[in-house]
Structures are given as structure tokens and as C-alpha cells.
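Notes follow the structure.
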Amino acid sequence: MSESQPPGPTRKRWLRRTLLAILLLAFASGLGVYLRPLWVWRQAMRAWLFLEGARSEYVQLGPYRIHYLVAGGGKPLLLIHGLGSRADAWALLIPPLARRGYRVYALDLLGYGRSDRPDVDYSIALETRIVRQFLDSQQIGQTDLGGWSMGGWIALKFTLDHPQRVRRVFVSDSAGLNFKPSWDPGLFSPRTPEQVDQFAAILTPRYRHVPLFLARDVIREMRRHGWVIRRSMASMQAGADLLDGKLAQISLPLLIVWGKQDATTPLECGEEMHREIPQSILAIFDGCGHLAPVECRRAVLPEIIRFLEADPPLPAGAQEFSR
């Protein structure tokens with residue numbers, strides 16, 4: 001018998017202990033997924049982004065510590081997430097955009113993700129100032145902008161306030177115009193498994209019942225951080241930062257991406273934005289809801305890249321894409 005191999009009984013004990021360790025690890029992993037599925041998913045996403053070359057960084061903007069992701073090199077592109085979301089909502093788009101020669105930044109807005117949560121109003125105006133301060137901190141004079149849902153509202157307001165600092169902008173299922181929602185605003189910070197189900201149903205036409213263990217974790221997180229979402233929602237509903245009647249002032253290239261079945265911000269909002277901004281492009285994706293950049297990314301991402309890279313800019317118009 002080789003000296004490097006344990007003798008019979010010792011080797012059996014070693015195999016049993018190894019097998020036990022593997023079983024315990026599998027059990028612990030399964031238990032972690034069951035008890036804290038959101039945490040496990042985020043850790044997995046962070047690991048995947050790291051392997052794809054994205055870095056997790058922090059920057060101090062006045063009194064606030066802001067977290068962001070950055071990947072790639074070249075032309076700057078800043079991505080802004082929506083209400084109740086975080087930077088890694090863009091995770092599936094960051095690596096391919098970085099590979100196209102962009103230095104991609106994705107913020108955790110103030111109050112979200114791993115950024116600070118101070119006692120403030122969380123208005124669109126405040127988050128827009130955070131975007132400006134972030135660009136200043138990175139010494140970015142001009143950038144391409146992408147915004148999703150509430151992030152689209154922030155991107156459009158920033159473009160109106162600082163047009164010289166934006167080259168091109170795309171928004172997906174953007175908020176910002178006045179409309180009467182068909183859903184309860186409280187669904188964005190659900191308190192019961194039934195509300196989690198209802199929230200999922202307005203986000204995607206591919207809705208399936210949310211497993212109870214996942215719903216419980218969503219509710220647990222809302223108990224800790226839902227107050228930020230409710231404060232953001234209250235500020236938006238107050239109407240001080242609405243963009244109605246202002247969008248015609250935008251003169252730079254704009255792509256408006258919309259899920260045709262979006263039940264959160266209806267297609268009528270995207271069509272109104274397109275009417276108010278004559279040079280805009282409206283890209284409608286059939287079979288997609290509010291999560292179009294993720295659930296229909298194989299169709300959406302090529303259109304975003306085509307828009308950003310076109311020289312000269314693409315002509316205005318509207319087009320519908322099917323899955």
C-alpha cells in the first residue's frame with residue numbers, strides 16, 4: 001500500500017467524514033436558500049459579476065456613502081435602477097455592454113442596495129443630485145445614460161437639468177408622467193404573501209405563484225427597508241418632479257424601451273413620451289412586462305447597443321418586436 005494512502009480502516013473513516021462534510025455543506029446550502037433566498041441569490045450574483053470583471057466600489061458623496069458597480073473601459077455609461085431595486089438589477093446587461101467598449105457604472109441609489117439610508121425625502125430631485133455628484137466624483141464630463149422605471153424618470157430629469165452632460169439616453173418602462181395606476185402603490189412594499197403575489201403579477205406577464213419561503217423573505221426585507229420605498233413613492237405621488245409638458249426640451253438621441261404587456265407603467269406612457277420627444281425611438285417588445293431588460297434581454301439588448309453605437313444617430317420612429 002502506498003504511504004500516501006491511509007490504511008483500510010483509517011481510509012474508510014476519512015471517506016465517511018468527507019461524505020458527511022459534503023452532506024452537511026449541501027444541507028447548509030439548501031437551508032440557506034430556504035431561509036434567506038434573497039441573500040443567497042445576491043451573493044451568487046456578486047460572485048458571477050466579479051468573475052465577469054465587475055468591481056464593487058463605494059464613493060463618499062457629501063454625507064452619503066454610495067455603492068456602485070463598475071466594469072469595462074472606454075466610453076462611460078451610467079445605469080440607474082428603479083423603485084425598490086438596486087444596481088445588480090442590471091447584472092445581465094453589464095458584462096455584454098462592457099465587452100462592447102463601455103465603462104459601465106451601475107449605482108445603488110441613495111436608500112437602496114448597499115448605499116446609505118438617511119432620513120430624507122427620497123425624491124426624484126434628490127436622487128438626480130446624487131447622479132450628478134457621482135459623475136463629478138468620477139470626473140465624467142459627459143456620459144450615456146440608461147434608466148429603468150423610476151431610474152428612467154431620474155435619467156430624463158438629469159437630461160433636462162444637465163443636457164450638456166448626456167450624449168445619449170435610453171429608458172425602459174419609465175415612470176415620470178402623470179397617470180392613474182391600476183394597482184395599489186403599497187404593493188411595492190408588500191406586507192403579506194398575497195401582496196407579494198400581486199406585486200409579481202404587475203411586474204411580468206410570465207407571473208407564477210411566488211413560493212412561500214421566498215415571499216416570507218421579501219416581507220422580512222420590507223420590514224427593514226420598506227420605509228424607503230414608501231417615502232420614495234409618497235414623494236413621486238406628490239407630483240413636484242413630474243415631467244409632463246417638459247420632455248419636448250430634450251433634443252438629444254433618446255431610445256424608449258417598453259414591454260407591451262407592462263401593467264406597472266402602461267404602454268400609453270411610453271407612447272406619450274414618444275409624442276413629446278420628436279427625435280425619440282419607441283421600441284415595443286411584445287410578450288414583455290415591466291422587466292423587459294431582463295425577461296426579454298435577448299431582444300432588448302441588441303436594440304440598446306444599436307442605438308448607442310449608431311453613427312449618425314438612428315432616425316426617429318416606432319417599432320414593435322415579437323419574442
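Assuming Asp119 fulfils every condition listed in (1) part of a loop (DSSP other than H, G, I, E, B); (2) under 17 Å from the mean Cα position of the chain (by Cα) apart from one, which condition is it?
Only one criterion is unmet by Asp119, namely (2).
Which condition number in (1) touching a residue at least 12 places away in the same chain (Cβ under 8 Å); (2) surrounded by fewer than 18 Cβ atoms within 10 Å (Cβ to Cβ) is the one that Arg86 fails?
Just one mismatch for Arg86, condition (2).
Could you list, in sequence order, the residues of segment 52-73 that are in contact with a strand residue (DSSP E or B) (Cβ under 7 Å, 6 or more places away or on another chain) and part of a strand (DSSP E or B)?
The answer is Arg55, Ser56, Glu57, Tyr58, Val59, Arg65, Ile66, His67, Tyr68, Leu69, Val70, Ala71.
Mind checking which residues of segment 274-292 are outside any loop (DSSP other than H, G, I, E, B), in contact (Cβ under 8 Å) with a residue 12 or more places away in the chain and farther than 11 Å from Val257 by Cα?
Applying the first criterion (outside any loop (DSSP other than H, G, I, E, B)) to segment 274-292 yields 274-276, 281-285, 292.
Now restrict to residues that are in contact (Cβ under 8 Å) with a residue 12 or more places away in the chain: 274, 276, 281-285, 292.
Listed by number, the list holds a single entry, Glu276.
Can you tell me how many residues in segment 192-211 are under 18 Å from Arg230 (Cα atoms) and surrounded by fewer than 14 Cβ atoms within 10 Å (Cβ to Cβ)?
Total meeting the criteria: 1.
Right, Arg114: touching a strand residue (DSSP E or B) at 6+ places or on another chain (Cβ under 6 Å) and assigned to a strand (DSSP E or B) or not? Outline the logic, then answer.
Details: touching a strand residue (DSSP E or B) at 6+ places or on another chain (Cβ under 6 Å): yes; assigned to a strand (DSSP E or B): no.
Criteria not met by Arg114.
Might you check whether a residue that is within 15 Å of Val171 (Cβ to Cβ) and either free of Cβ contacts under 8 Å to residues at least 24 places away in the same chain or aromatic (Phe, Trp, Tyr) (or both) occurs anywhere in segment 308-320?
No, the conditions are met nowhere in segment 308-320.
So, in segment 122-158, of the ones that are under 15 Å from Val228 (Cα atoms) and either of a type in the set (D, E, K, R) or part of a loop (DSSP other than H, G, I, E, B) (or both), which residue ends up nearest to the chain's Cα centre (by Cα)?
Top of the filtered list is Glu127.
Just checking, which of Ala263, Ala201, Ala234, Ala215 is farther than 27 Å from Asp116 by Cβ, out of contact with any Ser or Thr (no Cβ under 9 Å at 6 or more places or on another chain) and not β-branched (Val, Ile, Thr)? Break it down stepwise before answering.
Details: Ala263 fails: out of contact with any Ser or Thr (no Cβ under 9 Å at 6 or more places or on another chain); Ala234 fails: farther than 27 Å from Asp116 by Cβ; Ala215 fails: out of contact with any Ser or Thr (no Cβ under 9 Å at 6 or more places or on another chain).
Of Ala263, Ala201, Ala234, Ala215, the one residue that is farther than 27 Å from Asp116 by Cβ, out of contact with any Ser or Thr (no Cβ under 9 Å at 6 or more places or on another chain) and not β-branched (Val, Ile, Thr) is Ala201.
Which of the residues spanning segment 94-109 are surrounded by 22 or more Cβ atoms within 10 Å (Cβ to Cβ) and either on the phi > 0 side of the Ramachandran plot or aliphatic (A, V, I, L, M) (or both)?
Ile94, Leu97, Val104, Ala106, Leu107, Leu109
Values quoted throughout were computed directly from the atomic coordinates according to the rules given, and no laboratory measurement underlies them. Everything numeric in this text was worked out from a predicted model, so none of it was measured. Here the Cβ is made from the backbone with ideal geometry for all residues, glycine too, and neighbour counts use every protein chain on show.
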